[in-house]
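Just below is one structure, and these are the notes that go with it.
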Amino acid sequence: MKYISQMLYILLFSLLGEFLQTVIPLPIPAAIYGLVLLLIALSTGLLKEEKIAETAGFLVSAMPILFVAPVAKLLQFWGIIGPNVVAICVVMAVSSVLVFAVAGLVTKCCLRKKEDKNDG
Amino acid sequence: MMADFLPGLSLFSLALTFGAFQVGLWCQKKTRSPICNPILIGAALVIIVLLLTGIDPETYTEGTTGLSWLLTPATICLAVPMHRQLKALKKNLPAIFVGVFAGTITSLAVVFGLCRLLTLDRTIAVSLLPKSITTAIGMVLSEENGGIASLTNVVILLTGIIGNLMGTTFCKLFRLSDPVSRGVALGTASHLIGTAKATEIDPLSGAVSSLSLVIAGILTVLLFPLVCNFV
C-alpha cells in the first residue's frame, strides 16, 4: 500500500509546516513553509520523488474541488458584500485584469530581453 | 423538510460537493467554454440544492471540513511539479521575480487607488488590499491592520475565481503565449485557484504559478504595512 506511506510523508511535511507557522511570528501559512521544505527535500535528494509521486499528483489534480465549499460559503457572507457589492466588483474586476496583464507582460519582456542577449 | 430525512449530513455534503463538481466538469467538457467553470458551477449547484432543501449552510460547511483539511497537504504537493521543473524555474528566476514584483505592486496600487476613487472606507480598503494572495496570508494581514477577515476571504476567493475563469481568455488577450509568463500572471493575480488553472494549461505554467504565489505572498507580507500607512 504505497498510498498510505505516501500520504504519511505528505502529512509529515504538513505538520512540519504547521510547527514552523506557530514558531515563526510571520503571517505565513503552514502550506507555504511545507511547500518550501518539501521542495528542498526533493531537490537535495533527501526525499525521492517516487516516495510521494502518485498521491501528490492526485492531490494537486483534485485541488479545484476543494474550493467548491468555500465558494458556496459566499452565500453566508452576503451581509458583508451586499451594501458594497458594486464597488467591490469594480475593484475586483479592474485590478484582476491589470495585475494579470502587468505580471504577464513584464515577465514576457524580461524573457525576451534575455533571449536577445543570448542571441547577440 | 427534506433535511430531516438526511441524518448522514456530512456524507451528504461530501456527495453533494463531488456531484456538483462532476456536473461542472461535464458542462466544461461539453461546451468547452471558460464560463463553464467546474468550481463556479459546482458552488452554484450546491447553493441551489441548499436553498431548495432548506439545509443550513453551516451544516453543509461543517460536513465539508474533511475536504478543507486537504488544502494544506494539496498545496504542499505543488512542490512535486515544481521539483520536476526546477531547471526551468532556476533559469527563468530573474524574469519570474521581476514579473511577480511588478504584479504585486500593481495589485496594491490599483486596489488602493480604486478604493480612494470610490471613497470606500478604510476598513473595506484594508480588507480588499490582500485580494491577490493566498487566503491564509491575506486574512491575517487584513485583520492585523484593521480589516474584516471574512470580507478578505470573500474577495480572495472571487479574485481566484476570476483568474480561473478568465485565465485562458486573458492569456489570449494579452498575447501571453509562453508558459512562464502565463504562470506568473495566473499565480500573481489569482493565487492557488489561478494555479489550479495553470497546472491544467501546462506543467511548466503550473510550476511557475506555484512559485509566483509563494513570492507574491511573501512580498505582500513585507509591503502591506507600508501601504496601510497611507490608507
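When the chain is fully extended, how far beyond the present Cα-Cα distance does B:PHE230 get from B:VAL23, taking 0.36 nm per residue of separation? Could you put the intermediate results ahead of the total?
Working: separation 207, 0.36 × 207 = 74.52 nm, distance 4.57 nm.
Roughly 69.9 nm would be gained on extension.
Let me know the whole percent of all Cα-Cα pairs from segment A:1-91 that are separated by more than 18 Å. Could you put the intermediate results ahead of the total?
Working: 2533 of 4095 pairs.
Every Cα pair in segment A:1-91 considered, those over 18 Å come to 62 percent.
What percent of all Cα-Cα pairs in segment B:2-69 falls in each 10 Å bin, counting up from 0?
It works out to 22, 49, 24, 6, in whole percents.
Compute a Gaussian network model of chain B, connecting alpha carbons closer than 10 Å, and tell me which residue from B:GLU58, B:GLU143, B:GLU200 fluctuates the most.
Maximum fluctuation in the GNM of chain B, among the listed residues, is at B:GLU58.
Would you mind checking which residues have amide H under 5 Å from B:ILE148's amide H? H placed 1.01 Å from N; only 5 or more apart, or other chain.
Residues meeting the amide H criterion: B:SER127.
Under 8 Å for C-alpha pairs, at least 6 residues apart: give me the relative contact order for chain B, rounded to a whole percent.
On the way: 308 pairs, mean separation 44.2, N = 231.
Dividing the mean separation by the residue count of chain B yields 19 percent.
How many Cβ atoms of partner chains, on average, are near each residue of A:11-18 if near means within 10 Å of its Cβ? List each step's numbers first, then the result.
Details: counts 3, 0, 5, 9, 2, 1, 4, 1.
The per-residue average across the peptide is 3.
Report the label-to-label distance for B:SER33 and A:ASP116 in nanometres (one decimal), using points 7 Å from each Cα along the Cα→Cβ vector.
Here the answer is 4.2 nm between the modelled labels.
So how long is each side of segment B:58-110 along the principal axes, counting just the alpha-carbon atoms, biggest first, in Å?
For segment B:58-110, the Cα extents along the three principal axes come out at 46, 35, 9 Å.
Apply 1/(1 + (r/R0)^6) to the Cβ-Cβ distance of A:ILE4 and B:ALA15, taking R0 = 30 Å, and write down the FRET efficiency to the nearest 0.05. Write out the running numbers ahead of the final one.
Values: r = 24 Å, r/R0 = 0.81.
About 0.80, to the nearest 0.05.
Find the relative contact order for chain A and round it to a whole percent, using C-alpha pairs within less than 8 Å whose residues are 6+ positions apart.
Details: 50 pairs, mean separation 24.5, N = 120.
Computed over chain A, the figure is 20 percent.
Over the Cα atoms of chain B, Rg to Rh with Kirkwood Rh, two decimal places? List each step's numbers first, then the result.
On the way: Rg = 18.8 Å, Rh = 18.8 Å.
Taking Rh as the inverse mean 1/r over Cα pairs, Rg/Rh reads 1.00.
Per-residue Cβ counts within 10 Å, from other chains only, averaged over B:97-107: what number is that? Let's see the in-between values first.
On the way: counts 2, 6, 10, 3, 2, 9, 10, 3, 3, 8, 7.
Neighbouring Cβ atoms belonging to other protein chains average 6 per residue here.
Filter the DSSP H helices in chain A by two things, a Kyte-Doolittle mean of at least 0.0 and an axial alpha-carbon span of 27 angstrom or more, and list the hits by number.
A:2-23, A:85-119
Note down the magnitude of the dipole of chain A about its Cα centre, charges +1 on Lys and Arg C-beta and -1 on Asp and Glu C-beta and zero elsewhere, to the nearest 20 debye.
On the way: 9 positive and 7 negative charges, 34 e Å.
The calculated dipole for chain A is roughly 160 debye.
Using helices alone, I'd like the mean residue ellipticity at 222 nm for the protein assembly as shown: each DSSP H run of four-plus residues gives -39500 (n - 2.57), total over residue count, nearest 500. Present the calculation step by step, with values, prior to reporting the outcome.
Working: 19 runs with 276 residues, N = 351.
Mean residue ellipticity, 222 nm, calculated: -25500 deg cm²/dmol.
Compute, for segment B:1-158, the length of the dipole vector about the Cα centre, with Cβ point charges of +1 (Lys, Arg) and -1 (Asp, Glu) only. Units Debye, rounded to 20. All intermediate terms of the calculation are to be shown ahead of the outcome.
Numbers: 10 positive and 7 negative charges, 232 e Å.
For segment B:1-158, the charge dipole is close to 1120 debye.
Could you tell me which trypsin sites (Lys or Arg not before Pro) in segment B:12-68 are loop residues by DSSP with no more than 14 other beta carbons within 10 angstrom of their beta carbon? Write down the numbers at each step before the final one.
On the way: sites: B:LYS29, B:LYS30, B:ARG32; in loops: B:ARG32.
Counting only loop positions with at most 14 other Cβ atoms within 10 Å, the trypsin sites (Lys or Arg not before Pro) in segment B:12-68 are B:ARG32.
Sorting check: for B:123-135, B:184-196, which peptide has the highest mean count of neighbouring beta carbons within 10 Å, and how do the rest follow?
Details: B:123-135: 26.8, B:184-196: 32.4.
Ranking the peptides B:123-135, B:184-196 by packing returns B:184-196, B:123-135.
Looking at chain B, do any whole DSSP H helices span at least 15 angstrom along their long axis by alpha carbon and average 1.6 or above on Kyte-Doolittle, and which? Don't skip to the answer; put the middle values down first.
Working: long enough: B:9-31 (32 Å, 0.79); B:38-53 (22 Å, 2.89); B:93-117 (35 Å, 1.91); B:149-173 (34 Å, 1.37); B:179-201 (17 Å, 0.46); B:203-230 (39 Å, 1.88).
Sorted by number, the helices that extend far enough and score high enough are B:38-53, B:93-117, B:203-230.
For the protein assembly as shown, just the Cα set please: Rg and Dmax, both in angstrom.
19.8, 74
Quick one: of A:LYS114/B:LYS197; A:LYS113/B:LYS87; B:LYS131/B:LYS197; A:LYS114/B:LYS91; A:LYS108/B:LYS91; A:LYS2/A:LYS48, which pairs are farther than 21 Å apart, Cα to Cα? Spell out each step's value before the answer.
Details: A:LYS114/B:LYS197 27 Å; A:LYS113/B:LYS87 19 Å; B:LYS131/B:LYS197 18 Å; A:LYS114/B:LYS91 10 Å; A:LYS108/B:LYS91 14 Å; A:LYS2/A:LYS48 14 Å.
As for pairs spanning more than 21 Å Cα to Cα, those are A:LYS114/B:LYS197.
Averaged across the residues of B:15-21, what count of C-beta atoms belonging to other chains lies within 10 Å of each residue's C-beta? Don't skip to the end; give the middle numbers.
Details: counts 0, 3, 5, 2, 0, 4, 6.
The shielding value for this peptide is 3.
None of the figures in this text is laboratory data; all of them are computed from the coordinates on show. Predicted model only: the values in this text are computed from it and were never measured. Every residue, glycine among them, receives a Cβ derived from its backbone with ideal geometry; neighbour counts consider all protein chains shown.
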